[in-house]
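Enquirer: One structure, as structure tokens, below. Some questions next.
The values are calculated or read from the model by the stated rules, or taken from the named source; none is laboratory data. All values derive from a computational prediction rather than experimental measurement. Neighbour counts are summed over all protein chains in view; Cβ atoms, including those assigned to glycine, are modelled from backbone coordinates with ideal geometry.
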Amino acid sequence: MEPEVIGLAKQLIQKPSYTPDDAGCQPLLMNRLGGQGFQGEHHRFGEVDNVLIWHGDSPGPSLLFLGHTDVVPPGDLGAWDHEPLSAHVESGVLFGRGVADMKGSIAAMVLAIEKFVGQYPNHPGKVALMLTSDEEGVALDGVKKFMPLMAQKHHFDYCMVGEPSSSVVLGDTVRVGRRGSLHVNITVKGQQGHVAYPHNAQNPIFLAARAIDELSRFEWDIGNEDFPATSFQVSNINAGSGVTNIIPGELKITANFRYSPESSQQSLAEQLQHILDHHQLSYELDWQLSGEPFHCKNEVYKQALKASVKKITGVIPEFNTAGGTSDGRFVAPHGIATMELGPINKTIHQVNECEKVAHLVQLESIYLDLIQRLLLK
Ligand SMILES: [Zn+2]
């Protein structure tokens with residue numbers, strides 16, 4: 001017999017919810033859980049659907065599951081062995097766009113929550129599921145807008161994000177945070193002139209070179225036990241008009257910080273300006289914060305998740321902060337201890353995206369065990 005979690009994952013995969021179209025995934029889950037005494041609140045911002053579904057209003061710990069119903073496009077259809085929305089199972093493996101990122105996790109979360117509420121209808125605390133339909137896109141009308149609204153009405157202690165964190169076997173890797181990402185465009189001003197009359201000009205390339213050299217060697221911080229040191233990279237540098245006899249008037253640099261919680265946007269900006277000032281540059285800066293870092297330091301939560309993973313899979317998870325950013329960056333700033341555990345990430349965003357049926361069954365059991373450990377303790 002097919003496990004229930006696979007049946008639900010198939011139903012979700014068969015809906016063409018390409019970013020930002022939810023394509024009926026959230027109503028399907030609202031209807032399903034609504035019939036079992038859950039409450040829900042839906043908000044649509046622009047083209048993006050967001051929903052919070054929750055159960056329980058008694059005092060006690062509260063756990064929020066976070067996920068996204070949108071998926072990336074299939075890419076080259078001819079390269080898929082089975083139609084990407086057919087949710088085909090073969091030799092114990094479920095194939096389909098979104099099975100690992102992250103409709104499989106959503107199905108596991110829903111089954112875990114249902115079983116918990118079925119077993120403990122008067123449980124202490126609150127268990128909830130938040131879904132958006134724009135995580136894979138620009139992510140402006142998703143959790144970024146929805147979470148502040150919901151945080152006014154609900155208190156959450158813990159957040160579990162279902163992003164595919166595992167690498168070889170289910171549960172081998174848990175994300176306990178993510179690095180921040182900060183972009184900066186630097187314009188260095190010089191004085192345009194004839195290359196034969198340098199005393200009448202100021203070459204911004206020479207001026208910037210010394211500062212870039214120092215920036216490339218500067219130690220912004222040394223990281224900490226869960227985060228590598230902050231890195232600064234220059235991705236683009238442009239100056240000059242293409243002709244050979246003009247000293248350019250300005251130089252443009254595009255750079256990015258991937259930063260640990262040991263630094264902040266403010267500390268990095270101050271230090272960067274300090275270095276540019278030290279080299280007596282005349283400059284303009286244009287900053288764009290893509291995501292602040294977050295870091296789960298809650299030992300109760302970390303130990304509970306470790307125990308759940310070990311009990312269900314026998315594996316002791318490695319805690320790390322690798323990978324890009326996730327929607328967890330919009331939850332953690334509300335003071336909610338946030339971690340990520342989900343399927344194997346080997347095939348995400350690829351053709352023939354897949355995950356083992358057994359892994360999704362295990363994931364449901366881990367989530368259920370985690371709810372019990374956190375809410376019934
Ligand atoms: Zn994802």
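Enquirer: I'm trying to understand the selection: among the residues of the stretch 219-249, which are in contact with an Asp or Glu (Cβ under 9 Å, 6 or more places away or on another chain) and either small (Gly, Ala, Ser) or loosely packed, with under 13 Cβ neighbours inside 10 Å (or both)?
Expert: Scanning the stretch 219-249 gives ILE222, GLY223, ALA229, ALA239.
Enquirer: Select from the stretch 24-56 the residues that are under 21 Å from THR338 (Cα atoms) and more than 16 Å from the ligand (Cβ to nearest atom) and list them in ascending order.
Expert: VAL51, LEU52, ILE53, TRP54, HIS55, GLY56
Enquirer: How many residues, within the stretch 285-318, are part of a strand (DSSP E or B) and within 30 Å of GLU270 (Cα to Cα)?
Expert: 9
Enquirer: Next up: When ALA139 is evaluated against the numbered criteria (1) among the aliphatic types (A, V, I, L, M); (2) surrounded by fewer than 22 Cβ atoms within 10 Å (Cβ to Cβ); (3) modelled with pLDDT under 95, which criterion, by number, is the only one it fails?
Expert: (2)
Enquirer: Let me confirm something: among GLY323, GLY342, which residue is over 19 Å from LEU64 (Cβ atoms), within 16 Å of the ligand (Cβ to nearest atom) and touching a strand residue (DSSP E or B) at 6+ places or on another chain (Cβ under 9 Å)? Spell out the reasoning first.
Expert: Numbers: GLY342 fails: over 19 Å from LEU64 (Cβ atoms).
GLY323 is the lone residue from the list that is over 19 Å from LEU64 (Cβ atoms), within 16 Å of the ligand (Cβ to nearest atom) and touching a strand residue (DSSP E or B) at 6+ places or on another chain (Cβ under 9 Å).
Enquirer: Output yes when any residue across the stretch 213-231 is within 30 Å of TYR197 (Cβ to Cβ), without any contact (Cβ under 8 Å) to a residue 40 or more places away in the chain and assigned by TED's automatic domain parsing to the domain that holds LEU272, and no when none is.
Expert: Yes, the stretch 213-231 contains at least one residue that is within 30 Å of TYR197 (Cβ to Cβ), without any contact (Cβ under 8 Å) to a residue 40 or more places away in the chain and assigned by TED's automatic domain parsing to the domain that holds LEU272.
Listed here are the residues, each with its yes/no results for (1) closer than 23 Å to LEU375 by Cβ; (2) among the aromatic types (Phe, Trp, Tyr); (3) surrounded by fewer than 22 Cβ atoms within 10 Å (Cβ to Cβ).
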site	(1), (2), (3)
GLY78	no, no, yes
GLY96	no, no, no
SER133	no, no, no
HIS154	yes, no, yes
VAL169	no, no, yes
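Enquirer: What's the total number of residues in the stretch 135-168 that are within 16 Å of the ligand (Cβ to nearest atom), of a type in the set (A, V, I, L, M) and assigned to a loop (DSSP other than H, G, I, E, B)?
Expert: Looking only at that region, the number is 2.
Enquirer: Shifting gears a bit: Here is a list: SER62, SER86, SER17. Which entry is touching a Cys at 6+ places or on another chain (Cβ under 6 Å) and not basic (Lys, Arg)? Write out each step before concluding.
Expert: Details: SER62 fails: touching a Cys at 6+ places or on another chain (Cβ under 6 Å); SER86 fails: touching a Cys at 6+ places or on another chain (Cβ under 6 Å).
Among SER62, SER86, SER17, only SER17 is touching a Cys at 6+ places or on another chain (Cβ under 6 Å) and not basic (Lys, Arg).
For every residue, the table says whether it meets (1) crowded, with 21+ Cβ neighbours inside 10 Å; (2) on the phi > 0 side of the Ramachandran plot; (3) without any contact (Cβ under 8 Å) to a residue 40 or more places away in the chain; (4) outside the structural domain of SER263 (by TED's automatic domain parsing).
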| residue | (1), (2), (3), (4) |
| --- | --- |
| THR313 | no, no, no, yes |
| ASP327 | yes, no, no, yes |
| PRO343 | yes, no, no, yes |
| HIS349 | no, yes, no, yes |
| LYS356 | no, no, no, yes |
| LEU363 | yes, no, no, yes |
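Enquirer: Further, regarding this structure: Taking the stretch 92-101 only, how many residues are away from the ligand (no atom under 13 Å from the Cβ) and either assigned to a loop (DSSP other than H, G, I, E, B) or closer than 11 Å to VAL5 by Cβ (or both)? Talk me through it step by step, then tell me what you get.
Expert: We begin by selecting, within the stretch 92-101, every residue away from the ligand (no atom under 13 Å from the Cβ); these are 92-96.
Pick out the ones that are also either assigned to a loop (DSSP other than H, G, I, E, B) or closer than 11 Å to VAL5 by Cβ (or both) and you get 92, 94, 96.
The qualifying residues number 3.
Enquirer: Find the residue count for the stretch 112-131, including only residues that are out of contact with any strand residue (DSSP E or B) (no Cβ under 6 Å at 6 or more places or on another chain) and surrounded by 24 or more Cβ atoms within 10 Å (Cβ to Cβ).
Expert: 1
Enquirer: Mind checking whether some residue in the stretch 173-182 is in a strand (DSSP E or B), of a type in the set (Val, Ile, Thr) and within 15 Å of GLY323 (Cα to Cα)?
Expert: yes
Enquirer: Just name the residue that is farthest from the chain's Cα centre (by Cα) out of those in the stretch 183-212 that are touching a residue at least 60 places away in the same chain (Cβ under 8 Å) and assigned to a strand (DSSP E or B).
Expert: LYS189
Enquirer: Which of the residues spanning the stretch 171-180 are more than 16 Å from the ligand (Cβ to nearest atom) and crowded, with 18+ Cβ neighbours inside 10 Å?
Expert: First, the residues of the stretch 171-180 that are more than 16 Å from the ligand (Cβ to nearest atom): 171-172, 176-177, 179-180.
Those that are more than 16 Å from the ligand (Cβ to nearest atom) and crowded, with 18+ Cβ neighbours inside 10 Å: GLY171, VAL176, GLY177, ARG179, GLY180.
Each row is one residue, and each column tells you yes or no for (1) assigned to a strand (DSSP E or B); (2) at negative phi; (3) in the same structural domain as LEU131 (by TED's automatic domain parsing); (4) of a type outside the set (A, V, I, L, M, F, W, C).
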residue: LEU63; (1), (2), (3), (4): yes, yes, yes, no
residue: HIS82; (1), (2), (3), (4): no, yes, yes, yes
residue: LYS103; (1), (2), (3), (4): no, yes, yes, yes
residue: ALA108; (1), (2), (3), (4): no, yes, yes, no
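Enquirer: Quick one: count up the residues across the stretch 246-272 that are over 17 Å from ASP221 (Cβ atoms), without any contact (Cβ under 8 Å) to a residue 60 or more places away in the chain and out of contact with any helix residue (DSSP H, G or I) (no Cβ under 7 Å at 6 or more places or on another chain). Let's see the steps before the verdict.
Expert: At the first step, the residues of the stretch 246-272 found to be over 17 Å from ASP221 (Cβ atoms) are 246-254.
From what is left, the residues that are without any contact (Cβ under 8 Å) to a residue 60 or more places away in the chain are 246-248.
Cutting the leftovers down to out of contact with any helix residue (DSSP H, G or I) (no Cβ under 7 Å at 6 or more places or on another chain) gives us 246.
Counting residues in the stretch 246-272 that are over 17 Å from ASP221 (Cβ atoms), without any contact (Cβ under 8 Å) to a residue 60 or more places away in the chain and out of contact with any helix residue (DSSP H, G or I) (no Cβ under 7 Å at 6 or more places or on another chain) gives 1.
Enquirer: Please verify whether SER216 is outside any strand (DSSP E or B), within 30 Å of PHE319 (Cα to Cα) and of a type in the set (S, T, N, Q), treating the condition exactly as stated.
Expert: Considered against the rule, which asks whether it is outside any strand (DSSP E or B), within 30 Å of PHE319 (Cα to Cα) and of a type in the set (S, T, N, Q), SER216 comes out as yes.
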